[in-house]
1. In whole Hz and in residue order, list the ³J(HN,Hα) couplings for region A:385-396 that follow from phi through the Karplus curve 6.51 cos²θ - 1.76 cosθ + 1.60, θ = phi - 60°; x for Gly and Pro.
2. Protein chains only, probe 1.4 Å: how do A:ARG503, A:ARG141 rank by accessible area, largest first?
3. Measuring from label point to label point, each 7 Å out along Cα→Cβ, what is the A:TYR822 to A:GLU578 span in nm?
4. With a 1.4 Å probe and every protein chain kept in, tell me what percent of the accessible surface of region A:154-305 is carbon plus sulfur.
5. Find how much the distance from A:GLU193 to A:ASP857 grows on full extension, using 0.36 nm per residue of separation minus their present alpha carbon separation; answer in nm with one decimal.
6. Relative to the first principal axis of the alpha-carbon coordinates of chain A, what is the inclination of helix A:636-645, with its axis defined by its Cα atoms, in degrees from 0 to 90 and to the nearest 10?
7. Residue-wise, which Karplus ³J(HN,Hα) couplings in Hz belong to region A:185-197, taking 6.51 cos²θ - 1.76 cosθ + 1.60, θ = phi - 60°, and x for glycine or proline?
8. Could you tell me whether chain A comes out rounded, prolate or oblate from its Cα gyration tensor? Rule is a ≥ b ≥ c as square roots of the eigenvalues, rounded for a/c under 1.5, then prolate if a/b exceeds b/c, otherwise oblate.
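The values are calculated or read from the model by the stated rules, or taken from the named source; none is laboratory data. These numbers come from a predicted model, not from an experiment. Quick reminder, even Gly has a Cβ in these numbers, built from the backbone with ideal geometry, and neighbours come from all protein chains shown. For the accessible areas, the whole protein counts, side chains as well, though only heavy atoms, and no ligand, DNA or RNA atoms are used. Shrake-Rupley method; radii C 1.70, N 1.55, O 1.52, S 1.80 Å.
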Amino acid sequence: MNELASVYDPKAVEDKWYKYWEEHGLFSSKPDGREPYTVVIPPPNVTGVLHMGHMLNETIQDILVRRARMEGKNALWVPGTDHASIATEAKVVKRLAERGIHKTDLTREEFLKHAWDWTHEYGGIILKQLRKVGASCDWSRTAFTMDDIRSRSVIKVFVDLYNKGLIYRGVRMVNWDPAARTALSDEEVIYTEQHGKLYYLRYKIVGEDRYAVVATTRPETIMGDTAMCINPNDPKNQHLRGKHVIVPLVGREIPVIEDEYVDIEFGTGCLKVTPCHDVNDYMLGQKHNLESINIFNDDGTLSEAAGLYVGMDRMDVRVQIEKDLIAAGLMEKVEDYTNKVGMSERTKVPIEPKLSAQWFLKMTDLVKPALQAVLDGEIQFHPAKFVNTYRHWMTDTKDWCISRQLWWGHRIPAYYLPDGKVVVAEDIDAAVVKARELSGNNALTAADLRQDEDCLDTWFSSWLWPISLFDGINHPEGEELSYYYPTSDLVTGPDIIFFWVARMIIAGYEFMGKKPFSNVYFTGIVRDKLGRKMSKQLGNSPDPLELIEHYGADGVRMGLMLAAPAGNDILYDDALCEQGRNFNNKIWNSFRLVKGWEVSDSIEQPEHSRLAVAWFTAALNKALAEVKDLFAKFRLNDALMTIYRLFWEDFSAWYLEVVKPAYGTPIDRATRDATIGFFDTLLRLLHPFMPFITEELWQHIAERADGESIMVARIPEPAAVDERLIAAMAVAKDVVAGVRNVRKTKNIAPREALRLQVVGEFDNPLSAIITKLAVLDAIDIVETKDATAASFMIGTTEFAVPLGDSIDVEAELAKLEADLKYARGFLATVEKKLGNERFVANAPEAVVALERKKQADALSKIATLEQAIAALKGARF
RNA sequence: GGGCGCUUAGCUCAGUUGGUUUAGAGCAUCUGCCUUACAAGCAGGGGGUCGACAGUUCGAAUCUGCCAGUGCCCACCA
């Protein structure tokens, strides 16, 4: 048997089996009579590469899908990628810039060609990487959010929502990303604490030789000031009522207005009002009918309208204007100040509030069924704590800004007539028809219509993902859709609960009238072992593919899963992968042992083997039931730990040690067959977590036809468990450990057979196992043990190994005294309870009875120990 | 400023409706072993007054209150 190395080599088998599975079509699914189990992948960015977050997320999905498949369900995992409008466009723009090409030099068509080239070049890398992980996706279904079916779905949905009156175009204050030069939704703005400054600026009061002082964090916006605002109830600023002030440096005269919005306590109680560049100022401008001056270009530089600093970047202006204000004597003071600044989630630059015409989706009614479904538990979140987060967001949802000033994405299907009116239609031909109806001008042609330049938010396509993957928008009655939808489980990070999860639920109810999935498993964030987020800058983010290279895919999968309860961040450490790799090795070596056995039909099954088979059958079934229950609760890490311990402790350390024959001797047929059967089941149980090694060994332990695979083998349903054997084995293990301890402390060789005395009664059905593992000649039931014996207690029973003259009386005494002390302490706690009249009177009878039993047991144990101590003392001389 | 969650062994976490030993697991650590499946291993051991305080109860890691620490989400205070 020693042609097999003692170390398992994942590299030798992983690619082989992945190819085997793929070639035999084991990943693919078609509708049939079985119960469906469907997972859709959270589509990674088409040009992205696999990172640790993906590794965790995809591993979890694969575990769920493989388990479902082995439960006999028709399991389908649909892969795909997302066009990631902003991120991808930014990358393309950057690459073009490296070649000296600016986006503005290109037509939309030329730019899109570059973008598609980029997509074809880098697109799908991540899908190849997923194969290394072992992902059992149905690759024939690979989708892209901008492929034909998904694009038509998006456009159709836009038109439908527009026709329902839920989509509208309007001029609003939106979040503007000056780097990407596009509007963003509220969810794409991340507020972060920034250490900045609070500037106190002097505004000269017209007609007086005094100044009003305004505190602001953004002095560069003063060119857009069109008023100063005070609170009418502010006693310290009463002198400003009805006055005008001069904007510093600019020299423009602006009125002082009054509004209770102003916080009297903040700064000086004077607020500068810049309606174009602040949401609240915009509100004030509307209310008080103020002039608006837009001082910024789309890229965050100062516009002609600013008059000063034209063409400079806003951040540079902030630095320069501070100097200029000081020089002009118009800066009262500057303080350090910490406030929250909205940053673009994608480009990480500060958001600029900007007034612009955008498309919006009304959310108020759409969210209602989606909220209810989660509150009612029709859709379950794991862990459930995220229901709170979800409810919070869903109860006050603002309209969704869905237009982006980008080219890479789905172009908005709105067409403007020459007179500025708009029609929304699925294509240009339909638009012409509608335009003619609208205008009454039948001479209108496509050439007269101008399509909206904007494209849609990426999430406006991914919110349809569970539907559009089955072409459900275009074919709501399709066979695929009705079979696979609603999908079963969704696995994703809580960071996109609003971006994606909530919106998919909304879309599900709005477009299909049904939930998109039944369960959402929220993963945690993968951090380093110090709890820091993984980042390129810190260099603490390992490349999953390198880890796979080093530890094997199974090892990495297991390492991540051991540390990843749903919703908990996982602190990644290479030690986790080592544990995974070590477990692989353990399995491998157990296999080597079993494979090396020579079988003989002429040997009878020994009693200890017969008992071991019976016991392990019970242990295995108990674990099967536990794992099944844990899967139902999405406690995958606990499920894995249960299997880990079953394999390592129960199977390898105990079961195999009982049944393995002495070196060079054959094993009986019955035991060997039972062992192979156990091994088979263990591999199946483990396969969802560690697909490669389990396939490799499963193929080895029996003859398999071509195309057979553990992937489609069934995990057995748990059978009834003989708890008596489980309990008996627990005692047996303790007895064996007790004897081993005696050997160790007395320096008795492992193979030297001993006798074991049991004082009083002992009827363990597994005593043959004890005899075998503890290497005993016999177990003697005795009234009184030898005075010179090393003894130990298990429960209330005393065991003793007679040692004759070789006993170390003092050491033995010390041990017994320690046991006695413990037993007395324990008795004291029990008797304290029983001595409490109110306990005896009020506690349930069963609880009191249990305490009485404990008391009796403790008393008998103490008596036994005292006797043993007395006997030893007698033997001392 | 609101809302939610967490705090149990050195680390990561279990602990179901309060009562199956004086609270468990994995990893780490310590001791002894290269015992023909496996040193990526085997056999043992140590380690926690369950964040603090108060309360309810015959009985609290578990329920209540308050406090401290920590994390997340939301919010227009310049």
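1. 4, 6, 4, 4, 4, 4, 4, 4, 6, 6, 8, 9
2. The ranking, largest first, comes out as A:ARG141, A:ARG503.
3. Calculated label separation equals 3.1 nm.
4. Working: 3070 of 6540 Å².
Heavy-atom surface of region A:154-305 belonging to carbon and sulfur, 1.4 Å probe: 47 percent.
5. 232.7 nm
6. Orientation of helix A:636-645: about 20 degrees from the principal axis.
7. Per-residue couplings from phi come out as 7, 4, 5, 8, 10, 10, 8, 10, 6, 10, 8, x, 10 Hz.
8. Because a/c hits 1.5 or more and a/b exceeds b/c, chain A counts as prolate.
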